[in-house]
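Asks: Here it is: the structure, laid out below.
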């Protein structure tokens, strides 16, 4: 396991390196292409926005980086490690240690309170070395929904649920991948989320966000456009 922790690339080397990736899915007897020969390098401390029209290309690219999907062809390296070649146990350890995914959907457990939903991922996360309950309360103070800690998801608005789903990711030192994290928030709250991500980036974190909102470009160091299965603008 120590090989993962002790072999992180230095500044100037790609933290994410996607090479010649092709991805498709099967619909009946048809193979539908989603990505075709995509190449992308992301450096340490970079804030990257992946933009493009509606369609599966943007999210598929981020899913490949996070190993939520397997590429049909090509290679995806995270911190120098070939995710396709890693044993499952080492891969799970790498994902826990270094890769943090903020989902587009809320992924909240309906029977748990907002506080319990935030605590849930901390129990399995070896990066958290402070009292998880205190940490969750601090996070809720930061995002301004501390009055809703004991409400269940069914008692919350969509915007509140989105905040709760984002909360566990605020202080973790990871590569942060986010699929449209502001899509369910109104303008002011969305800007607050982006400022949080930008602050994490300024502290040395790498942030990759999928979005259809051009306002994201104000926060990102680099913007790429995914369209017609390829990266058309970088």
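Asks: Identify, please: which residue in region 203-217 is in contact with a strand residue (DSSP E or B) (Cβ under 9 Å, 6 or more places away or on another chain) and surrounded by fewer than 18 Cβ atoms within 10 Å (Cβ to Cβ) and is, among those, modelled with the lowest pLDDT? Reasoning before the result, please.
Replies: Within region 203-217, the first condition is being in contact with a strand residue (DSSP E or B) (Cβ under 9 Å, 6 or more places away or on another chain), and the residues that meet it are 205-214, 216-217.
Okay, now just the ones that are also surrounded by fewer than 18 Cβ atoms within 10 Å (Cβ to Cβ), so 212-214, 217.
Working: 212: 79, 213: 79, 214: 81, 217: 75.
Out of the qualifying residues, it is 217.
Asks: Let me ask something additional. Among the residues of region 214-230, what is the count of those that are in contact (Cβ under 8 Å) with a residue 40 or more places away in the chain and within 19 Å of the chain's Cα centre (by Cα)?
Replies: Summing the residues that are in contact (Cβ under 8 Å) with a residue 40 or more places away in the chain and within 19 Å of the chain's Cα centre (by Cα) in region 214-230 gives 11.
Asks: Here's something else I'd like to know. Can you name the number of the only condition in (1) modelled with pLDDT under 85; (2) surrounded by 15 or more Cβ atoms within 10 Å (Cβ to Cβ); (3) under 15 Å from the mean Cα position of the chain (by Cα) that residue 49 fails?
Replies: Unmet condition: (1).
The values are calculated or read from the model by the stated rules, or taken from the named source; none is laboratory data. What you see is a predicted model, and the numbers here were worked out from it, not measured in a lab. Positions of Cβ are backbone-derived with ideal geometry, glycine not excepted, and every protein chain shown enters the neighbour counts.
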